[in-house]
Amino acid sequence: MYRYDQFDAQIVKERVDQFRGQVARRLSGDILEDEFKPLRLQNGVYLQLHAYMLRVAIPYGQLDSRKMRKLALIARDYDRGYGHMTTRQNIQYNWVALKDIPDVLEHLAEVEMHAIQTSGNCIRNTTSDHFAGATKDEIMDPRPWCEIIRQWSTFHPEFAFLPRKFKIAVTAAEHDRAAIRVHDIGLHMRERDGEVGFEVHVGGGQGRTPHIAAKVADFVPEAELLDYLEAIMRVYNRFGRRDNKYKARIKILVSETGETEFTRLVEEEYAAQRETEKIALPQAEIDRIHAYFAPPAFADKSATSEAFERAKAADPKFANWSEVNLHPHKVPGYTSVTISLKPIAGLAGDATDAQMMVMAHLAETYGFDDIRVTHAQNVVLPHIALDDLYTVYRELDAAGLATANESHITDMIVCPGLDYCNLANARSIPVGQEIQKVFADPAYERDIGKLHINISGCINACGHHHVGHIGILGVDRKGEEFYQISLGGRADEKAAIGDIMGKALASDEVPGAVKTIVDTYRDLRTNPDEKFIDTLERVGHDPFKEAVYNAAD
Amino acid sequence: MTSVRPKLKPETPKTITAWDTASGQVVWMRADGSWSDDPTELGVFTGAAAEDALAKAQTQEGEITDPYFMEVTADGQIAGRETLRESIRANGPTVPYGVII
């Protein structure tokens, strides 16, 4: 994991001191909300429905036990005993008092964390594959480049006031778990003739006008990445619309300019930049950053574990969890564990302070002190020895953290919705809970297989409904909550935006409609291994629409 | 950015709501112009008195933040198009939180 140098530590400390002064002036009435709002947003502080909300950056979702324990302390001492994991792999606190936020930021600074650039029209937290550095299917670890992008984009003076917020994601695995094609910039690491570079996708995004990103470059060599990113940002900063916030994201610029012309503009800027002001990151600096992400000292182990096999045979619940929540590790004898934060009828993405302490302890004791937050609002322990797995599982189970549903139908992405959010039109969490209850039987859920349901409480799409295999969008109809269902979205390497099925449904009709969709899939699939999304793409959406709306009539 | 707030007619009963600046807690204006964190204590205003109350609230933006009209019934119950949103603001999330399920 990257460690702050003296410059990092100094700028974060200075930022805390500066914000402490700004808060004091706000509390004394010297500055009013209109003046204070841009200042608080630059420090991740929103004013939500009930209270202030503080969003804390977790670069590419990586934590260690020291950081996780600090997040637990903040939840316990400054909030109401929990935090909420977000789709940018960050954490949000929902009840923190403004007067306390400078102290919270000081706590965060002690463990090399902050809330800078978690809001506002700047480059936000760079996200990545939550299995980075552990998964078998990556060509290399993308985290060093995420860190380089983080350092380049933090306090970059040219990009502090962009037309709109800006999100970058990086993956190095063929199977895209970082949703790069629905990001402003998505980077897919590729290998060509022994050289590593980046396939560059630009202009993806969700919100009210969803777009899949356009591929603007097949291969940008590592050494030129920052120049290329800077060229894209300059084209966006120059031509991106500032007259209408709904048309200000780069996806609109790419779409209105056309992919070919946009690419030409980027290439032109890139060529000019390479001539005159090449960033030319020194190889020594690239190597220095890579050294922070050196693999841990894995033991020489057999690919199989007798202890693991014995435990599975003795404990069917553990066996089921092992089949669902583990991901293949690149080193024999190890696995990556997904800790689901989606218990049935629970609070999607929330972890209590006690649960955070358990996860910190397990990472420190059994997991090379490595923890990841996923964009699907779960937590991952990327490096657990199979020999230790049953011990880890039992501790997770005792803490309410052993739900076996990773990437299954009850593992939904759910935005906070109208229960918390000032922008929401409808609640998301209760709808998700009711759907979970329908699929609570583990055998039924396993039979359905992998299926992503994503729920947003408004068109801003924080719950990624556009790219859910089944997407659910809350809408307001004269003060009543209704839900629009879409089908066929996906966030992976075959990214697609879902199609709206038909008229919106009342909240109590949604769980039944989802069950109808799922049972239609089970009737239509060629065999139990054909996934929901594959059946949907094979047969089209009509049988599902007919089943839902005929049942409703 | 906040959600769109409906425009209320002068004769529609309303109160003023805002957030306490230091804590972020939701507050409502009492009939005497002071602030309460208890929605049962809210004052009901109409017409010019409501406009005066909002104007007064806007001068108190050190203590409170972003005051606006909220529709209520004549006896002070949350009402109108934003009933669900304002009820959640008043009573908290409709789901339990901070607990291990």
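Would you mind calculating the relative contact order of chain A from Cα pairs under 8 angstrom and at least 6 residues apart, reporting the percent as a whole number? This gives 13 percent for chain A. A simple spin-label model places pseudo-atoms 7 Å from Cα toward Cβ; at A:Asp30 and A:Glu277 they are separated by 3.5 nm. In a fully extended conformation the segment linking A:Glu546 and A:Arg394 would gain 50.3 nm over its present Cα-Cα distance, using 0.36 nm per residue. Taken about its Cα centre, the range B:14-91 carries a charge dipole of roughly 200 debye when the Cβ of each Lys and Arg holds +1 and the Cβ of each Asp and Glu holds -1. Shape summary of the range A:6-110, radius of gyration then Dmax from alpha carbon positions: 13.6, 40 Å. Put in order of Cβ neighbour count within 10 Å, fewest first, the listed residues A:Asp100, A:Asp17, A:Asp184 become A:Asp17, A:Asp100, A:Asp184.
Bridgeable lysines around A:Lys301 (alpha carbons under 27 Å apart, same-chain partners fewer than 8 residues away excluded): A:Lys136, A:Lys312, A:Lys317, A:Lys330. Positive contributions from Lys and Arg (+1) and negative ones from Asp and Glu (-1), summed over other residues with Cβ under 13 Å from the Cβ of A:Asp419, come out at +1.
Using 1/(1 + (r/R0)^6) with R0 = 35 angstrom and r between the beta carbons of A:Arg192 and A:Glu106, what's the FRET efficiency to the nearest 0.05? Using R0 = 35 Å, I get an efficiency of 0.15.
For A:His175 and A:Glu268, what does the FRET efficiency come to when R0 = 30 Å and r is the distance between their Cβ atoms, rounded to the nearest 0.05? With a Förster radius of 30 Å, E is 0.30. Taking a point 7 Å from the Cα of A:Ser507 along the Cα-to-Cβ direction, the residues of the range A:415-453 with backbone N closer than 18 Å to it are A:415-438.
Over 25 Å between Cα atoms: which of A:Lys67/A:Lys278; A:Lys478/B:Lys9; A:Lys37/A:Lys342; A:Lys215/A:Lys450; A:Lys245/B:Lys7 fall into that group? Mind dumping the intermediate values first?
Numbers: A:Lys67/A:Lys278 36 Å; A:Lys478/B:Lys9 17 Å; A:Lys37/A:Lys342 33 Å; A:Lys215/A:Lys450 28 Å; A:Lys245/B:Lys7 23 Å.
Distance filter (> 25 Å) returns A:Lys67/A:Lys278; A:Lys37/A:Lys342; A:Lys215/A:Lys450.
Assuming charge only on the beta carbon of Lys and Arg (+1) and of Asp and Glu (-1), the dipole of the protein assembly as shown about its Cα centre is about 940 debye to the nearest 20. Working note: Cα gyration tensor of the range B:14-91, eigenvalues times five, square-rooted, sorted largest first, giving semi-axes of 17, 15, 10 Å. Placing unit charges on each Cβ (+1 for Lys and Arg, -1 for Asp and Glu) gives the range A:413-552 a dipole about its Cα centre, and among A:Ala495, A:Pro528, A:Ser507 the Cα reaching farthest toward its positive end belongs to A:Ala495. Between A:Ala385, A:Ala461, A:Tyr366, whose Cα lies farthest towards the positive end of the dipole of the protein assembly as shown when Lys and Arg beta carbons carry +1 and Asp and Glu beta carbons carry -1, centred on the Cα centre? Result: A:Ala461, furthest along the dipole toward the positive end.
Under the rule of -39500 (n - 2.57) per DSSP H run of 4 or more residues, summed and divided by the residues of chain B, what mean residue ellipticity at 222 nm is obtained, to the nearest 500 deg cm²/dmol? Show your work: numbers first, answer last.
Numbers: 2 runs with 21 residues, N = 101.
Computed ellipticity for chain B at 222 nm equals -6000 deg cm²/dmol.
In this simple spin-label approximation, B:Ser87 and A:Arg238 carry label points 7 Å from Cα along the Cα→Cβ vector, and these lie 5.4 nm apart.
In the protein assembly as shown, if the dipole is taken from +1 on Lys/Arg beta carbons and -1 on Asp/Glu beta carbons about the Cα centre, which of A:Ala404, A:Ile344, A:Tyr483 is farthest to the positive end? Final value for the positive-end residue is A:Tyr483. For the range A:142-291, taking Cα atoms only, Rg and Dmax work out to 14.8, 46 Å respectively.
Among A:Trp152, A:Trp145, B:Trp19, rank each residue by its count of other Cβ atoms within 10 Å, from fewest to most, as a rough exposure measure. Could the numbers behind the result be given before it?
Numbers: A:Trp152 19, A:Trp145 26, B:Trp19 23.
Lowest count first: A:Trp152, B:Trp19, A:Trp145.
Computed over the protein assembly as shown, the percent of Cα pairs more than 34 Å apart is 46. For the range A:321-367 and the range A:212-270, what is the centre-to-centre distance using only Cα atoms, to the nearest Å? Centre-to-centre (Cα) distance: 37 Å. Normalised by the number of residues in the range A:406-475, the average gap of Cα pairs under 8 Å and 6 or more apart makes the relative contact order 36 percent.
For the range A:142-291, with only Lys/Arg (+1) and Asp/Glu (-1) charged at the beta-carbon, what is the dipole magnitude about the Cα centre, in debye rounded to 20? Walk me through the numbers before you get to the answer.
On the way: 23 positive and 25 negative charges, 223 e Å.
About 1080 debye.
In percent, rounded to a whole number, the relative contact order of chain B is 28, using alpha-carbon pairs under 8 Å and six or more apart.
Each of A:Trp95, B:Trp35 was scored by other Cβ atoms within 10 Å of its Cβ. Arranged with the fewest first, they read B:Trp35, A:Trp95. Within the listed set B:Leu42, B:Leu84, B:Leu54, the Gaussian network model of chain B (springs between alpha-carbon atoms below 10 Å) gives the highest mean-square fluctuation for B:Leu84.
Just so you know, all these numbers are worked out from the coordinates, no wet-lab data involved. As the structure is a computational prediction, the values presented were derived from the model and not from experiment. FYI the Cβ positions are ideal-geometry reconstructions off the backbone, even for glycines, and counts take in every protein chain you see.
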